[in-house]
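Quick notes on the structure that follows.
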Amino acid sequence: MTGDGDGQPRRSGLRDPQRAVRGLGAAALALEALVLLLAIQPIRAVGADLGGAAIAVVVALAVVFAVLAGMMRRPWAWHVGTVLQGLLLLAGLLHWSLFVLGVMFALVWAYALHVRRVILG
């Protein structure tokens, strides 16, 4: 991508683009962890047979998302975040609403990856 046709890379206008992109990724993962934890009770309230093992899986995923949100400085964290989106989609086998959450957050993560690619190149 070039800026004004002078061969220079286009500037994002951000003071620290790396930090801004990391913040976006961390915010997406932290929000995902919070939503997963808050989703347990409504899933149980609608009559789902969400057993202890399924609840443990959801809590474990939420903890991993939260920990990864704090590790976004590591270059491999973006790859692990992508794998975690797939694991959340697989958690849809436990209950369909987890699959719906997985799809929604996979789209959010895809947008974060797109923004990262556009800003950082």
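Does segment 89-102 contain any residue that is more than 26 Å from Val21 (Cα to Cα) and among the hydroxyl-bearing types (Ser, Thr, Tyr)?
Yes.
Is it fair to say Ala91 is more than 30 Å from Ile119 (Cβ to Cβ), under 16 Å from the mean Cα position of the chain (by Cα) and modelled with pLDDT of 95 or more?
So Ala91 does not fit the description; no.
Within segment 85-100, identify whether any single residue is of a type outside the set (A, V, I, L, M, F, W, C), in a helix (DSSP H, G or I) and touching a Phe, Trp or Tyr at 6+ places or on another chain (Cβ under 7 Å), and answer yes or no.
yes
What pairs can you find where one residue is in segment 36-47 and without any contact (Cβ under 8 Å) to a residue 60 or more places away in the chain and under 19 Å from Val67 (Cβ atoms), the other is β-branched (Val, Ile, Thr) and part of a helix (DSSP H, G or I), and their Cβ atoms are less than 8 Å apart, with a gap of 6+ or different chains?
Listed by first residue and then by second, the contacts come to Leu37/Val58; Leu37/Val59; Ile40/Ile55; Ile40/Val58; Ile40/Val59.
If you go through segment 47-77, how many residues are at pLDDT below 90, in a loop (DSSP other than H, G, I, E, B) and out of contact with any helix residue (DSSP H, G or I) (no Cβ under 8 Å at 6 or more places or on another chain)?
4
Report yes if Val64 is open to solvent by less than 20 Å² (accessible area, probe 1.4 Å) and either hydroxyl-bearing (Ser, Thr, Tyr) or farther than 14 Å from Arg19 by Cα (or both), otherwise no.
Spelling it out, it is not the case that Val64 is open to solvent by less than 20 Å² (accessible area, probe 1.4 Å) and either hydroxyl-bearing (Ser, Thr, Tyr) or farther than 14 Å from Arg19 by Cα (or both).
Please specify each residue of segment 83-113 satisfying the condition of being within 16 Å of Met72 (Cβ to Cβ) and of a type outside the set (A, V, I, L, M).
Matches in segment 83-113: Gln85, Phe105, Trp109, Tyr111.
One residue is enough: does segment 22-29 have a residue meeting the conditions more than 14 Å from Val115 (Cα to Cα) and either at pLDDT 90 or above or open to solvent by less than 90 Å² (accessible area, probe 1.4 Å) (or both)?
Looking for residues that are more than 14 Å from Val115 (Cα to Cα) and either at pLDDT 90 or above or open to solvent by less than 90 Å² (accessible area, probe 1.4 Å) (or both), one finds at least one in segment 22-29, hence yes.
Given the structure, is Val58 surrounded by fewer than 19 Cβ atoms within 10 Å (Cβ to Cβ) and out of contact with any Gly (no Cβ under 8 Å at 6 or more places or on another chain)?
Here the answer is no, as Val58 does not meet what is asked.
Counting only residues that are open to solvent by less than 60 Å² (accessible area, probe 1.4 Å) and either over 14 Å from the mean Cα position of the chain (by Cα) or free of Cβ contacts under 8 Å to residues at least 24 places away in the same chain (or both), how many does segment 104-117 have?
2
Return the only residue of Phe99, Phe105 being among the aromatic types (Phe, Trp, Tyr) and under 14 Å from Ile43 (Cα atoms).
The unique qualifying residue is Phe99.
The values are calculated or read from the model by the stated rules, or taken from the named source; none is laboratory data. Everything quoted here is computed from the prediction, not taken from an experiment. With ideal geometry, Cβ positions are generated from the backbone for all residues, glycine too; neighbour counts draw on all protein chains shown. When the accessible area is computed, the model is the full protein with side chains, heavy atoms only, and any ligands, DNA or RNA have been set aside. Shrake-Rupley method; radii C 1.70, N 1.55, O 1.52, S 1.80 Å.
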